[in-house]
Amino acid sequence: MVTRTYTITEKDFPSACTDAIELIQNEPLLRSGVFFDIETTGFSPASCALYLMGCCTFDGRHWQLTQWMAEDESLEEQRMVLEHFLKAIENAPAIISYNGTTFDLPFIEKKCMQAGLSPDFSRWNHVDLYKEVRSLKTLLSLENLKQKTVERFLGIYREDTYSGGALIPIYKAYVKTHTSAMEDLLLLHNFEDIKDMLFILPVLAYRRVLYDGDVSLCRDPKSQFPATGDAHSPGAAVAGTQKPCTGCSLSVTLTPKLALPAALPEKVIPLPGKPELALKLCVRPGQLRLDLPLIQGEMKYFYDNFKDYYYLPQEDYAIHKSIAAYVDKDCRKKATAKTCYTKKTGVFLPQPEKIISPAFKRQYEDKVLWFEYRQTLWDDPDFLSAIQRFLRLFVQGSF
């Protein structure tokens, strides 16, 4: 069995990837877990060999990357590789891979059975970076979800030019010759797979910031308006009009609590049923700007318990039965879900769900809820909750 050990320090991280260190420090499983990757001679553990395993751990100052390579395809050599790997992860709280859920871990488990080893992999948390990156495919406009594609997005380019499949015949030739050049080539691919797992961690910041809402809100409303249009305040934006002010929006500035590795092209999500009204997101490494459409006009507040109300057709609103008792029976009718409302005129902003009360609709069937704009929004924690929920939509890709 061939063993190689390397030390990776902060200085080895590319400049675009140094924020990975902050991510690792802030997340216990990444800080204490073991990054791992395997190389095999094919996809089937029944007929193919597991010839190389590597893992990487953090000791608080630097990373130690160790590789074990079988010198041939015998089960005995594979057992030694597996035993060293299992000892390396024995006390770790988590194991970390890229697409290890689908391939690496099932292959390892079956090879352990063949070798007479019986580890219980359910005792470890398994962090599969592929699953987290998968949710970012649309947001980051990734061509595919291969690890090398994520590396290129971050500006990481490898010394290794081989794929795992292309190295299979090289390993089979190495078994016969054991030349140092082939050995270096085989180990390099696995080394860069694991090392670059560390380096691509900054991409997870997009998920932490946008999906998990790890942002803070700029609390100066004067700096928030406008994002588009010529207005300088919501009142000026919509003065004198009774229809949506589609040229104006409220621009909300946010500070991500984790630095994002790269700026993204502007992202746009139209509101359901209103394509002329859209959310717009501008992403920069140290700042986000979310533009919310502003409209002025009349909105309706629908009561949930419509059976307790009467609708007044002439006034076009509903009142509670306790008050309706004083209204002429010819001037009232039992309210339905669609007619059980009161009306409000003002300036409104959308919300992704009922977070800020009261929540309004333009019509009963509408999917979008609205709330009334007010200068005190920046002091309302529910406003940040609504913004965080909107940011998640950009990861999901639609409303």
Report, by chain and number, residues whose modeled amide H sits under 5 Å from the one on V252, excluding near sequence neighbours (fewer than 5 apart, same chain).
L290, D291, L292
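Which order do S249, S322, S44, S118 take when ranked by solvent-accessible area (1.4 Å probe, heavy atoms of all protein chains), largest first? All intermediate terms of the calculation are to be shown ahead of the outcome.
Working: S249 10, S322 70, S44 45, S118 110 Å².
Ranked from most to least accessible, the order is S118, S322, S44, S249.
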Taking all pairs of distinct alpha-carbon atoms in the range 59-140, Kirkwood radius in angstrom
14.5 Å
Per 20 Å bin, what percent of the C-alpha pairs of the chain does each bin hold, from zero upward?
23, 38, 24, 13, 2, 0
Amide H partners (placed H, <5 Å) of E315, local residues excluded:
none
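List, in the order given, every pair from K131/K367; K111/K137; K274/K300 whose Cα-Cα distance in the structure shown is over 28 Å.
Values: K131/K367 30 Å; K111/K137 32 Å; K274/K300 17 Å.
Those over the limit are K131/K367; K111/K137.
Students sometimes get this wrong: rank H126, H189 by accessible area, probe 1.4 Å, all chains present, largest first. Write down the numbers at each step before the final one.
Numbers: H126 55, H189 10 Å².
Ranked list, largest accessible area first: H126, H189.
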Are there any GluC sites (Glu not before Pro) in the range 245-322 that are in a DSSP loop and have at most 16 other Cβ atoms within 10 Å? List them by number.
E315
Mind grabbing the accessible area of Y310 for me, 1.4 Å probe, Å², rounded to tens?
40 Å²
Using alpha carbons only, how many degrees (0 to 90, rounded to 10) separate the axis of helix 75-89 from the longest principal axis of the chain?
50 degrees
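Any chance you could run the full-extension gain for W378 through K137? It's 0.36 nm times the residue separation minus the Cα-Cα distance, nm to one decimal. The partial results should precede the final answer.
Working: separation 241, 0.36 × 241 = 86.76 nm, distance 3.18 nm.
Contour length minus Cα-Cα distance gives 83.6 nm.
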On a 1.4 Å probe surface of the protein chains, which of Y157, Y311, Y6, Y51 comes out largest in accessible area, and what is the full order?
Y157, Y6, Y311, Y51
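Please figure out what share of the DSSP beta bridges in the chain is antiparallel and state it in percent, rounded to the nearest 5. Intermediate values should be presented prior to the final figure.
Details: 60 of 66 bridges.
Antiparallel: roughly 90 percent of the beta bridges in the chain.
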Total formal charge among the other residues, if their Cβ is under 15 angstrom from that of I269, Lys/Arg +1 and Asp/Glu -1
+3
Mean accessible surface per residue for the range 1-64, computed with a 1.4 Å probe while every protein chain stays in place, in Å²
45 Å²
Quick one: helix 168-177 against the long Cα principal axis of the chain, what's the angle to the nearest 10°, folded into 0 to 90?
20 degrees
Percent of accessible area on the chain owned by carbon and sulfur, 1.4 Å probe?
49 percent
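Report, in deg cm²/dmol and to the nearest 500, the calculated mean residue ellipticity at 222 nm for the chain, where each DSSP H run with n ≥ 4 adds -39500 (n - 2.57) and the sum is divided by the residue count. Working shown, then result.
On the way: 12 runs with 110 residues, N = 399.
The per-residue figure over the chain is -8000 deg cm²/dmol.
The values are calculated or read from the model by the stated rules, or taken from the named source; none is laboratory data. Just so you know, these numbers come straight off a predicted model, no measurement behind them. Glycine also receives a Cβ, built like all others from the backbone with ideal geometry; neighbour counts cover every protein chain displayed. Heads up: the accessible areas ignore ligands, DNA and RNA and are worked out on the full protein's heavy atoms, side chains in. Shrake-Rupley method; radii C 1.70, N 1.55, O 1.52, S 1.80 Å.
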